[in-house]
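These notes concern the structure reproduced below.
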Amino acid sequence: GAVVVVLAVAAVATVTIASTFADGVQRLMTRHNRGILVAAVLVVWSVLIWSGVSAHRLDTALAGPAIGCGVRASIAGALAAAAMFWIWRRADPWTPRSTGALIGAFAGCVSSAAVGVACVGSHGGHLLVGHWLAVPLMTLCCALLARRVLAP
């Protein structure tokens, strides 16, 4: 089940990001539309994470396994985002920040879902710090870095 989620997120991310640079789609993918897409990714990811919560205890948020999952998800997300930034470097003169946020959101989702395949933690605090937090963190970092990398 979790492997299917990882593959589905990776496939949707690849198709969406690649299509945002296609000539015909470029006019449709305005800054506003990309912002809506980033917000939708964050909302869907939040709902998916919170649907797996077994106990709404936040006391496990700073436990060792939660921080370990968060670090692994963040490192994997940074590597995935770096790969996408390398592929699309200097390719977006119009909306680099929103494109960067989109890349970061998808990189965070893919990495967090991949970490979730091997993780058995299901407490609210663990999922919040270990799995959910990597997505907005990658979104923010990539949006801030995108202007330097994606703009010509």
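Within the stretch 143-152, restricting attention to residues that are in contact (Cβ under 8 Å) with a residue 24 or more places away in the chain and open to solvent by 10 Å² or more (accessible area, probe 1.4 Å), which residue is farthest from TRP45 (Cα to Cα)?
PRO152
Out of the helices (runs of 4 or more DSSP H) lying entirely within the stretch 36-152, which hold 2 or more residues that are in contact with a Gly (Cβ under 9 Å, 6 or more places away or on another chain), at pLDDT below 85 and not β-branched (Val, Ile, Thr)?
On the way: elements: 64-87, 96-118, 134-149.
Answer list for the stretch 36-152: 64-87.
Inspect all residues belonging to the stretch 123-142 and state whether any of them is closer than 18 Å to ASN33 by Cβ, touching a helix residue (DSSP H, G or I) at 6+ places or on another chain (Cβ under 9 Å) and open to solvent by less than 30 Å² (accessible area, probe 1.4 Å). So that I can check it myself, show each step before the final result.
Here is the first cut: in the stretch 123-142, the residues closer than 18 Å to ASN33 by Cβ are 139, 142.
Next cut, touching a helix residue (DSSP H, G or I) at 6+ places or on another chain (Cβ under 9 Å) only: 139, 142.
Then keep just the ones that are open to solvent by less than 30 Å² (accessible area, probe 1.4 Å); that gives 139, 142.
Scanning the stretch 123-142, I find at least one residue that is closer than 18 Å to ASN33 by Cβ, touching a helix residue (DSSP H, G or I) at 6+ places or on another chain (Cβ under 9 Å) and open to solvent by less than 30 Å² (accessible area, probe 1.4 Å), so the answer is yes.
Could you list all residues from the stretch 112-122 that are among the β-branched types (Val, Ile, Thr), open to solvent by 30 Å² or more (accessible area, probe 1.4 Å) and under 19 Å from ALA78 (Cα atoms)? Spell out how you get there, then give the answer.
Taking the stretch 112-122 as the starting set, the residues that turn out to be among the β-branched types (Val, Ile, Thr) are 115, 117, 120.
When the remaining residues are screened for being open to solvent by 30 Å² or more (accessible area, probe 1.4 Å), the result is 117, 120.
The answer is VAL117, and nothing else.
The values are calculated or read from the model by the stated rules, or taken from the named source; none is laboratory data. The shown structure was predicted, so the numbers you read here are calculated from the model rather than taken from an experiment. Cβ coordinates were reconstructed from backbone atoms using ideal geometry, including for glycine residues, and neighbour counts include every protein chain displayed. Note: areas computed on protein heavy atoms with side chains; ligands, DNA, RNA excluded. Shrake-Rupley method; radii C 1.70, N 1.55, O 1.52, S 1.80 Å.
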